[in-house]
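Quick notes on the structure that follows.
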Amino acid sequence: MKKRRKIEEKIFKALMIASTVVVIGSLLLIIGTIVFKSIPALSLSMITQTPKGGYYLGKEGGILNAIIGSLYLASGATLLSVLLSLPIVLYLNLYSRKTSAFASFTRFSLDVLWGIPSIVYGAFGFIIMIFLGLRASLLAGIITVSLLELPIMSRAMDEVMRLVPDALKDASSSLGATRLETALKIVVRQTLPGILTAVLIAFGRGIGDAASVIFTAGFTDRIPASLFQPAATLPLAIFYQLGTPFPEVQQRAYASAAVLTLIILLISLASRFLIKRYTRHMIK
Amino acid sequence: MKKRIWPKKIRLAKDAIARRGMFFLTTLPGIFVFLMLFGLFQKSRAIFALKSFSALLFGSSWHPLQGEFGLFPFLMGTLWVTLVAMILAVPISLLTAVYLSEYAPKFVREFTKPIVDLLAGIPSVVYGVWGVLLIVPFVGNKLAPLFGVYSSGYCVLSGGVVLAIMIFPTIIHVSLEVFASVSYELRETSLSLGATKWETVKYVVLRKGRQGLVAAVVLGLSRAFGETMAVLMVVGNVAKIPNSVFDSAYPLPALIANNYGEMMSIPLYDSALMLAALVLLLVVLFFNVLARFFLIRAERRAR
């Protein structure tokens, strides 16, 4: 009897370790495969040139248009999203009462928005675009992606702001600060690392998302010069290059995927670094 | 340098203005949800005037040029891929979460958490490229011959495998939170009564966290249901109901993404695609509301 229990314990522990190895292994496998397959096509011209004529048939050029387009798009969307998220989260945590039905409804809505797939954001963005009389452009893409980023950013910010001790807010109030002053000078400062991480997570999502911009941002070989021009994005560039029947161009899709993965890795490293750096302002 | 302090009146006025402005912004998330439902419904209404709801959802012929818009093959495609992904992802994610929360030494936990975060951060196109590079040839050249069937590799199984990896982080994250909410006293009581570690997990931790785990699985499910690009790239996109995991499928999100170009040139096409988006939204909304309901119940139980 005792032996059977010990064996069950051993079997399940082995299964758990195996599962964890599978999870870790899949990340390594993904990054390994992408890096390995992209090496033959990686070149400097890839990231410093825009597509020349016949690029998608295997001629000269690079994906600079998509890299810049994606950076513009994700930066604009993230900025817009911060302008919405930060006031929302501050309101939820400072102005509304803990038991407020309005606050729980908003939090619930954010949870729901978080779960909505990006293709639905794409379709919704398309409807907004038509409604505003816009064409597929950088601006339409920015609006759509900012909606996509809003729940990701707000939820991440809300999680850290909820942890701010009441005593800290009370101390600020008792010194005569208004709630706005407490919000901006105490709470934002206290949660700065968390806020920055939230911003970076949302930025990463924005730069990597394809399904929401396929409808709204369009695609072009040029670098967008204004908000009303279409913009190429890196994920879509990967998708289109992979869709061509030419092996050389498909190779470039792998290389572009490596560039995108690198950007995501850099963002995640940056957020770790920022957390370390700004934690010193925090009152523990 | 002495900082200037504004008169009380102005400070209070600023606070009042900020409160109103922030209140207005805070109403937005709720409004967005309704606006999405309303907008997609409005855009798909044109097609309801001509077809019945059941003909659209359960009709299996998709010929936009002839005005036939049966979404059934696409719904089935989504269901097949999601099911395969869940079968693969649920046991692996739950076992990993149990290991990380109950068994793993600290350094393993510290090492694995960023990896799970990174898995969540990798863009779906990159998953798609990886699927095309590795999973598709593997399924087409190795796995399918092993079972004695022909497959191009662009099939339900490939989609399921890629999707499973994509939803690991969702299930693992929520499960870890659930396990963390189970009190240590309970675990210690069980251990002190002579239960093994696994028995403690099985009879105490898993039982106590049951509802939270259901929520974790449902959230993963809803993630899988709406995932577009990665699946689109490896699943073959043939508008037929699949018969086996080695058949191609054409999931609903892929349908929307693939046909954006033509949708404005064929009458009712855009409206059919918006209906597809609406169906997707409603299903995902349902899953999310369900998951939140379970999570709230779980929170109450844990207290």
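Just so you know, all these numbers are worked out from the coordinates, no wet-lab data involved. Quick caveat, the model's predicted, so the values are computed rather than measured. Backbone-built Cβ (ideal geometry, glycine too); neighbour counts: all protein chains shown.
Local charge for residue A:98 was computed over the other residues whose Cβ lies under 11 Å away, with Lys and Arg +1 and Asp and Glu -1, and equals +1.
Considering only alpha-carbon pairs that sit under 8 angstrom and 6 or more positions apart, the relative contact order computed for the stretch A:191-238 is 33 percent. For the stretch A:133-230, the spread of Cα positions along the three principal axes, ordered from largest to smallest, is 57, 21, 21 Å.
Over chain B, what is the relative contact order in percent, taking alpha-carbon pairs closer than 8 angstrom and at least six residues apart? If you can, show how the numbers build up before the last one.
Numbers: 387 pairs, mean separation 80.3, N = 303.
Relative contact order, chain B: 26 percent.
Modelled spin-label separation between residue A:132 and residue B:265, with each label point placed 7 Å from Cα along the Cα-to-Cβ direction: 2.8 nm. Of all the options A:133, A:206, A:115, the one that moves most in a Gaussian network model of chain A with Cα springs shorter than 10 angstrom is A:133. Here r is the Cβ-Cβ distance between residue B:108 and residue A:45 and R0 is 56 Å; the resulting FRET efficiency, rounded to 0.05, is 0.85. Pairs of Cα atoms nearer than 8 Å and 6+ residues apart set the relative contact order; for chain A it is 27 percent. Here's the list of aspartates and glutamates a cross-link from residue B:51 could span, going by alpha-carbon distance under 15 Å and ignoring same-chain residues fewer than 8 apart: B:68, B:270. On the basis of the beta-carbon distance and an R0 of 60 Å, residue A:272 and residue B:146 show a calculated FRET efficiency of 0.90. For residue B:62, the residues 5 or more places off, or on other chains, whose built amide H falls under 5 Å of its own are B:70.
Here the sum of -39500 (n - 2.57) over DSSP H runs of 4 or more residues, divided by the residues of chain B, equals -22000 deg cm²/dmol at 222 nm, to the nearest 500. As a calculated quantity, the FRET efficiency between residue A:2 and residue B:188 at R0 = 22 Å, using C-beta atoms, amounts to about 0.55. The helix-based estimate of mean residue ellipticity at 222 nm for chain A, built from -39,500 (n - 2.57) per DSSP H run of four or more residues and divided by its residue count, is -23000 deg cm²/dmol to the nearest 500. Give me the lysines in straight-line cross-link reach of residue A:10: C-alpha distance below 18 Å, same-chain residues under 8 apart excluded. Within the straight-line limit of under 18 Å, residue A:10 reaches these lysines: A:2, B:197, B:202. Summing +1 for each Lys or Arg and -1 for each Asp or Glu among the other residues whose beta-carbon sits under 15 angstrom from that of residue B:188 gives 0.
Taking chain B as a Gaussian network of alpha-carbon nodes connected by springs under 10 Å, the highest mean-square fluctuation of the residues B:86, B:229, B:263 belongs to B:263. In this simple spin-label approximation, residue A:83 and residue A:221 carry label points 7 Å from Cα along the Cα→Cβ vector, and these lie 3.4 nm apart.
Averaged over the residues of B:285-292, the number of partner chain Cβ atoms lying within 10 Å of the residue Cβ comes to 3.
Packing-wise, with mean Cβ within 10 Å as the measure, how do B:130-141, B:70-81 rank, highest first?
Details: B:130-141: 21.0, B:70-81: 23.1.
Result, highest mean first: B:70-81, B:130-141.
Listed by chain and number, the lysines placed with their C-alpha closer than 25 angstrom to that of residue B:9 are A:169, A:185; residues fewer than eight positions away on the same chain are left out. Taking the fewest neighbouring Cβ atoms within 10 Å as the starting point, the ordered list for B:150, A:95 is B:150, A:95.
Exposure proxy shown here: for B:11, B:187, the number of other Cβ atoms within 10 Å sets the order, fewest to most, as B:11, B:187. Taking the Cα centre of the stretch A:175-276 as reference, the dipole from Cβ charges on Lys and Arg (+1) and Asp and Glu (-1) amounts to some 460 debye. Under the rule a/c < 1.5 gives rounded, and otherwise a/b versus b/c splits prolate from oblate, where does the stretch B:104-253 land using the Cα gyration tensor? Prolate, because a/c is 1.5 or more and a/b exceeds b/c.
What ranking of B:227, B:68 emerges when the number of other C-beta atoms within 10 Å of each C-beta is taken as an exposure proxy, fewest first? Could you put the intermediate results ahead of the total?
Numbers: B:227 29, B:68 15.
The order, fewest Cβ neighbours first, is B:68, B:227.
Span-like helix criteria (full DSSP H runs; alpha carbon extent of at least 30 Å along the helix axis; mean Kyte-Doolittle hydropathy of at least 0.0) are satisfied in chain A by A:2-38, A:64-90, A:138-161, A:247-278.
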